[in-house]
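The values are calculated or read from the model by the stated rules, or taken from the named source; none is laboratory data. Predicted model, so just to flag it, every value in this text is computed and none were measured. Cβ sites come from the backbone with ideal geometry, for glycine too, and all protein chains shown count toward neighbours. When the accessible area is computed, the model is the full protein with side chains, heavy atoms only, and any ligands, DNA or RNA have been set aside. Shrake-Rupley method; radii C 1.70, N 1.55, O 1.52, S 1.80 Å.
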Amino acid sequence: MMPKRFLFATILWVGIFVHAQNKQLLYDFTEIPQALMLNPGMETDFNWYAGIPVLSGISVQAGSSGISVNDLFANDGLDFNDKVRDRAINGLTVRDELSGTFELEILNGGFRGRDPNVFYSFGLYSEVNFINYWPKDYAILAFEGNADRLNERFDLGHLKTRGEMLNVFHFGVNKKTNSSLVLGARGKIYSSIIDINSTKNDGYFVTTEGQNNIFASTLDAELLLRTSGINAIERAIDDQNVPGTIIKRGLFGGNLGLGVDMGFTYYLNPQTIMTGSLLDVGFIYHTNEIESFSLNGNATIEGIEIILPDALLDPDQDYWENLVDDIEAFIPFEETTKSYLTFRPAKLYASLRYNFGEPMEGSADCNCDYLNPGGGSSVTKYRNSVGGQLYVINRPRGPQSAITAFYQRRFGNYMALKTTYTADKFTLTNIGLGVNFQAGPVNLYLMADNLLAYRNIAASNYASFQFGLNIISWEKK
Amino acid sequence: MKKIISYFLAAFTFVLLFSCIEEQDFNQYDDLSITPTFEASILYLEVPERTINLVTGLNTYSQNFNFDAFAEDIFSERVLEGVLTYEVANTTSKPLQIEIQFLDEAGTVLDTERFQLDPEPTATLQREIAYGPAGRSIDIIRNTSSITLTATNLGDNTSTSSQSNPLVTLKSSGKFMVRIK
């Protein structure tokens, strides 16, 4: 029982600490190389940078809308079953979700080309993400059953879940086309390790008054669960070779896909900047280690029916087996190994920033000021920035969005702070703080949000944490 | 620089140290009880009067048939209690007796339900049989592997009912509570 209990709690905790992939603190934080991953068209002034392998970018995000660990497990003396019934079964809606993302940069680097206006970046990162919408009608059916719910349809479309583990190889080009515009693009090769998705479900289960018998039970199902890589991992568990299998599948041995990121930075005037990016516009084509299951069809049954005189024609027939066979014929359960295509959850960022305060020299060699931005990698820095950001991600139940207001403060060239206020479906009180330290060539950043939730972490609906360590070089004077 | 970094490390440590978590009791999961109640039709029997009249000399129809729905592990190991509901209607001109027997795998009769039906006009007879703590042993349900259905004509083979489409029908449904956790 212990493992089940901890699994239950862990799912809720993971749901709370791993979430919808919004990196509002890192976005357009131009002092940090990893911000290029969120906008390949970001303004850059590095000559080159190298992420410390495995430590250059670690991010964990999680969210659960509608319920928190504290809602269920607080030691408040309330009956646990009442809490589950009131706050989960009856309290959550089909739009509530548990979701999370974990990203780990394995390699990340960048260098300026011969043309000082062009900056290249490349790397490899691992990503695990999942989203599970609350399957409300399934939960009602499981917790309460169908008794005394005549004519109430249980919507089978409530099952929507998706999860994947993959490695992403990427190479990006960033070019300052003129003093006002920076454009960037990044190509990606996805190497999928595991994929599981069940997002295109439809149908219902309903109990109605029977035509002959007391009740008629109708199942109209159009259910599909697709997986890739699970077989390989199961075999690896038997062979005790899980790490080797994951590494192999992550290094082009799994299912492959292609994607692209695009972005820009545009100076509306020397102090006002607009940015935007579109990330992970791509797909993965799953061709190996596929195992998919479907249940398609429609059947209405009223129990075993013995109608004379027809039943006398074959008195030895097995009515029960015939009924089971009929149901299986009408609603066949099929297992296939057919290839399938998945699209990555595309993300959109946009921001408007106003820089103000005393202009300062950046770390790069720059014979410039705020009115003369100079050429090449030169960037005029201001002590303060304020602005707003928009984030949208494509999800199985449609786009989710978040809006952010931010303030950024720079302390010389060795430290920068960014604080954000973000509103989304998880919380309306998300205040985050990010700090970037630059000690010579060593760059360190730390970011965490939903800080108000730290008053009682168990009651939090959302949290994220990011950390990274890089070596950065500028063209020094 | 060092001073500012120190301030922020101190602030970060402060957040870590003074972040709070209300007392949680994950042992509450052990108290979780999931016991849904499901209902569905089980058996429907229909015998028209003309069929009864066709059978001469032998006034009994008896049929034993396999019924593994209750014996499936997923049900038999989890069922807690339940109610079987019968609705019997007779619009024929004959008095009838219908008997349902629940048998285990060895053919032993576990339970019997008998219905005596007067000739038409009669009202629909409804009967609910509880199994579990408030009724007969739930083991009857758990161990049922087959059902024997016997219909006996206690009247003649010639009379006809004044009702249109006269027949005898038996409807039945089950409503069972099962323990998922």
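Things to note:
- Peptide ranges A:263-271, A:182-190 listed from the most packed, as the mean C-beta count within 10 angstrom indicates: A:182-190, A:263-271
- Average partner coverage of A:205-215, which counts Cβ from other chains inside 10 Å: 5
- When each of the peptides A:440-449, B:117-126, A:100-109 is scored by the mean number of other C-beta atoms lying within 10 Å of its residues, the order from highest to lowest reads A:100-109, A:440-449, B:117-126.
- Folded to 0 to 90 degrees: helix A:2-17 orientation relative to chain A principal axis, Cα: 40 degrees
- Convex hull projection area averaged over all views, region A:174-304, Cα basis, nm²: 15.2 nm²
- Computed from backbone phi, the HN-Hα couplings of region A:83-95 come to 5, 5, 5, 6, 9, 9, 4, 9, x, 8, 10, 5, 8 Hz, rounded to whole numbers (Karplus: 6.51 cos²θ - 1.76 cosθ + 1.60, θ = phi - 60°; Gly and Pro given as x).
- Sequence-separation-based contact order of chain A, relative, with Cα cut under 8 Å and 6+ spacing, percent: 17 percent
- Using the Stokes-Einstein relation with a Kirkwood hydrodynamic radius computed over Cα pairs, the translational diffusion coefficient of chain A at 20 °C and a viscosity of 1.002 mPa s comes to 85 µm²/s.
- Dipole of chain A [Lys/Arg +1, Asp/Glu -1 at C-beta], most positive-end residue of A:GLY412, A:GLY57, A:LEU124: A:GLY412
- Peptide B:42-53 is shielded by partner chain Cβ atoms: per residue, an average of 5 of them sit within 10 Å of its Cβ.
- Per-residue shielding of B:171-177, expressed as the average number of other chain Cβ atoms within 10 Å of the residue Cβ, stands at 4.
- Working note: Cα gyration tensor of region A:228-270, eigenvalues times five, square-rooted, sorted largest first, giving semi-axes of 41, 11, 8 Å.
- q = 0.08, 0.12, 0.14 Å⁻¹: log10 I(q)/I(0) that the Debye formula gives for chain B, counting C-alpha atoms only: -0.42, -0.69, -0.85
- Taking the longest Cα principal axis of chain A as reference, the axis of helix A:319-330 is set at about 30 degrees.
- Extending 7 Å from the Cα toward the beta-carbon at both B:ALA106 and A:SER401 defines two label points whose distance is 7.2 nm.
- Region A:160-209 shape via C-alpha gyration tensor axes, a/c threshold 1.5: oblate
- Cα centroids of region B:140-181 and region A:434-448: 78 Å apart.
- Nearest 10 degrees, 0 to 90: helix B:2-18 Cα axis against chain B principal axis: 40 degrees
- Kirkwood-Stokes translational diffusion coefficient of region A:42-188, alpha-carbon pairs, 37 °C, 0.692 mPa s, µm²/s: 168 µm²/s
- With all protein chains modelled, accessible area of A:LYS136 [1.4 Å, Å²]: 50 Å²
- Region A:258-351: proportion of alpha-carbon pairs further apart than 16 angstrom, %: 75 percent
- In this label model, A:LEU313 and A:ASN81 are separated by 4.9 nm, measuring between points 7 Å along each Cα→Cβ vector.
- Averaged over residues, the count of other Cβ atoms within 10 Å places the peptides A:289-302, A:81-94 in the sequence A:289-302, A:81-94, highest first.
- Solvent-free Debye scattering, log10 I(q)/I(0), computed from the Cα coordinates of region A:135-227 at q = 0.19, 0.24 Å⁻¹: -0.93, -1.15
- For region A:8-138, the relative contact order is 29 percent, taking Cα pairs closer than 8 Å that sit 6 or more residues apart in sequence and dividing their mean separation by the residue count.
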